[in-house]
Structures are given as structure tokens and as C-alpha cells.
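So the structure is just underneath, and the comments pick up after that.
The values are calculated or read from the model by the stated rules, or taken from the named source; none is laboratory data. Note that the coordinates shown come from a computational prediction; the quantities given were computed from them, not determined experimentally. When we count neighbours, we look across all protein chains shown, and the Cβ atoms used for this are built from the backbone with ideal geometry, even at glycine. With ligands, DNA and RNA removed, areas are computed over all heavy atoms of the protein, side chains included. Shrake-Rupley method; radii C 1.70, N 1.55, O 1.52, S 1.80 Å.
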Amino acid sequence: MEPEQAASTETESGIDLLVIVLDTNPSQHIVRQNPQNLTQILEAVIAFGNAHLMQKAQNKLAVISCAHHATNFLYPQPRRQVELRQIDGQYEAFSLVEKTVKQQLGSILMNAPRLGSPCESLLAGSMAMALCYISRLQRNVAAGVKMHSRILVLTGSNECSSQYMTFMNVFFTAQKLGITIDTCALDKTLSLLQQGCDITTGQFLKVTQLDGLLQYLLWVFLPAPQMRHKLVLPPPPKVDYRASCFCHRELIDIGYVCSVCLSVFCKYSPICTTCHTIFKTPGPLPVKGKKKKKDKQM
């Protein structure tokens with residue numbers, strides 16, 4: 001059997017788990033500009049999730065809501081089952097996803113604290129929760145069945161440089177576990193999430209028109225990572241690998257690195273604020289005196 005046929009057979013027989021991390025922070029520019037955009041994004045996510053479930057009976061789906069104050073599962077809800085009414089012409093599993101996600105998100109938004117000023121979304125924590133969920137399902141997979149897992153992040157927030165360390169831990173953990181991280185940026189280009197996609201061989205896409213969000217999702221992110229090399233997808237952007245300083249949480253080009261814990265700082269400090277290591281203050285370089293020429297003995 002050829003390698004491509006073997007990989008295709010393995011993909012068809014295995015489980016494909018998709019975890020969608022949806023940023024529902026009201027501080028997002030696209031939400032503040034028009035609150036109806038959140039409804040449009042939610043409808044596209046539900047349709048995309050159902051398309052993933054429709055590809056194969058073994059496929060699994062999870063949706064996580066990421067806000068400025070908390071992270072919650074929108075789907076599935078094992079403890080609380082939503083009461084469904086049979087709708088003619090609609091598959092029950094698709095109706096369950098739609099009703100559960102909308103009811104859970106509506107409850108979260110109604111009970112969310114009001115914002116006095118714009119706040120960052122807890123994207124890194126939501127992605128860490130997604131990794132924990134994937135790891136738990138991986139342990140319960142039957143012997144001989146392989147599960148391919150991936151995370152899709154949809155966000156319109158700004159750069160979350162204050163969560164730099166958590167992002168890096170998530171990225172390298174996902175790389176070690178073989179989990180692909182994809183990102184769909186709805187507003188701005190995010191360098192940290194670009195790094196995560198590059199590290200985990202995922203796909204990064206910045207949406208230019210929100211009206212075509214569902215088309216972008218179905219075109220770029222619906223195919224499994226194992227099949228993407230056969231498709232013509234947008235070229236990956238140039239990744240900005242600048243680090244974030246630990247003192248001001250800003251991306252820097254040149255900085256100082258602690259030799260003990262590898263923390264990055266934009267300015268020199270005699271004491272590392274992370275591991276409290278004391279460094280010697282660099283003194284001036286010693287000036288070498290001129291050597292006197294010895295008189296040649298006659």
C-alpha cells in the first residue's frame with residue numbers, strides 16, 4: 001500500500017476532534033462597532049461545526065467561549081441536556097449543537113460583569129483548557145483507534161502580550177502532543193498566534209470581509225491537516241518571532257535575558273523579577289596601559 005493511501009485510510013478510520021475557541025469579549029473592535037457582528041460570527045461557527053460533524057460519523061466537536069472574565073464550554077454540556085423539539089428536515093445532532101451553543105452563550109452574556117474599560121480576552125487560558133479537554137478524551141480512546149486533534153481560534157481582539165508565557169507553554173505543549181493550532185483573525189494580525197500556528201504547523205488567516213466568514217472557514221479550516229498539502233490554500237504570512245518583555249509586556253527587538261530562568265527584559269535590572277537572581281553590575285572595561293619599549297642594549 002502506498003504511503004498516501006495508507007494515510008488516507010488511517011484518516012478515514014480515526015477520530016477527528018475539533019475544538020473551537022470563540023472569542024466573545026465585548027471589548028473587541030468588531031463587536032463594539034456593530035454588536036450584530038457577534039451574532040453573525042456565532043451563526044458561521046455553528047454551521048462550520050456542523051459541517052465538521054457531517055464529514056464523518058466518528059468526528060467530535062467542542063466549542064469554548066473565551067471572554068474577559070471567564071472561559072466556559074458552550075458544547076458539549078454533559079451535565080445539562082438541552083430539551084429539543086424535532087424539526088422536520090434537520091438532523092438531531094446539528095439541532096443539538098445549535099440549541100446548546102446559543103443557550104449557553106446567551107446565559108454567559110447575560111451574567112457577565114459590565115466593562116468599565118476594554119479588557120484583554122483570556123485566549124491563552126482558553127487554549128490551555130482545550131488542551132486539557134483533548135488530553136482527557138485521548139486517554140479514553142479505545143485501543144487501536146487513533147484520534148487527530150486540532151484547535152481553531154476565532155478572535156477579533158488585540159495582541160495579548162501580557163499572556164506571553166502562557167501562550168508559549170500552550171504552543172510547545174501542543175507541538176509535543178501533535179495537536180495543530182489554527183487561527184482565524186477577524187480584525188488584526190496577531191504575531192503571537194502566528195507563532196503558535198507556525199510552531200504546530202497550523203494555518204493562520206486574517207479575514208478581510210466578515211460577510212464571507214463561513215466561506216473562509218469551510219475553505220481553509222474544514223479540511224484535516226493531513227489533507228491540506230493536496231489543496232491550494234493561502235500562503236502562510238511572514239511570522240514575527242519577537243519576544244515579549246516581562247516588565248512591560250511589550251514586543252521588543254533587542255533586550256536582556258536572565259541567564260537562570262531565561263526571562264526577557266527591555267531594560268537592564270540588577271535583580272531578575274522572575275527568579276530574583278542578583279547580577280553583578282557591569283563595570284567599565286579596564287584600560288590597558290601602553291607598553292614601554294625597552295632600549296636595545298648595545
Taking placed amide H atoms and a strict 5 Å upper bound, the residues 5 or more places from residue 17 or on another chain that come that close are 60, 148, 149, 150
Listed residue pairs exceeding 23 Å between alpha carbons, taken from 60/176; 188/238; 60/102; 60/99; 102/188: 102/188
Charge tally in the Cβ shell below 12 Å around residue 18, where Lys, Arg are +1 and Asp, Glu are -1, residue 18 excluded: +1
Points 7 angstrom from Cα along the Cβ direction at residue 201 and residue 248: gap in nanometres? 3.9 nm
Compute the helix-to-body angle for 36-55: its Cα long axis versus the longest principal axis of the chain, expressed 0 to 90° and rounded to tens. 70 degrees
Relative contact order for segment 7-230: what is it in percent, counting Cα pairs under 8 Å that are at least 6 residues apart? 25 percent
Cα-derived Rg to Rh of segment 7-230, Kirkwood definition: 0.94
At a 1.4 Å probe radius, carbon and sulfur cover how many percent of the accessible area of the chain? 55 percent
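Provide the per residue accessible area, probe 1.4 Å, for the chain, rounded to a whole number of square angstrom.
60 Å²
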Counting only residues 5 or more places away or on other chains, whose amide H sits under 5 Å from the amide H of residue 74 once H atoms are built in the peptide plane? 63, 64, 65
With DSSP loop assignment and no more than 15 other C-beta atoms within 10 Å, the trypsin sites (Lys or Arg not before Pro) in segment 147-246 are 188, 238
Using unit Cβ charges (K, R positive; D, E negative) and no other charged atoms, how large, in debye to the nearest 20, is the dipole of segment 152-298 about its Cα centre? 1600 debye
